Amino acid sequence: MLQDLRQSLDELINAHNALFEQTEKDSGFIWDELTKILEGIDALKRSVLEQSNKSSSFHTKAKGISDRVSDLEARQKDREADIKRLQHDLSSYQIGCGRTIIEIQMRLDRLEKGKG
């Protein structure tokens, strides 16, 4: 009977050792897989950060271009106002010159009539 108990204990110890070895192997495998997953997550984080930086850079560039376009639009409006002002001044000048020419013609006509 003691011998049977000893044999049962030895079988239990062997089963326990086998289970422990398998558990250790499984744990090692699980840790290796977790390490791979964590490395993948780190790679994804780096990729997201890189894309975020690129996006931020593009946003900054787009804002710069937008600001320059706004500046050009403001300059264009100023130029259009300058052109309208010049057209008005030119029109006033032409009207003034036309009146002056008409007055000179009338004065010359009067002078010529007075001689005749």
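The values are calculated or read from the model by the stated rules, or taken from the named source; none is laboratory data. These figures come from a predicted structure and were not determined experimentally. With ideal geometry, Cβ positions are generated from the backbone for all residues, glycine too; neighbour counts draw on all protein chains shown.
Of note:
- Against the criterion of being in a helix (DSSP H, G or I) and surrounded by fewer than 10 Cβ atoms within 10 Å (Cβ to Cβ), residue 26 does not qualify.
- Answer from 52, 8 - the residue that is of a type in the set (Ser, Thr, Tyr) and either at pLDDT 90 or above or surrounded by fewer than 10 Cβ atoms within 10 Å (Cβ to Cβ) (or both): 52
- Number of residues in the range 19-43 that are at pLDDT below 85 and of a type in the set (A, V, I, L, M) equals 1.
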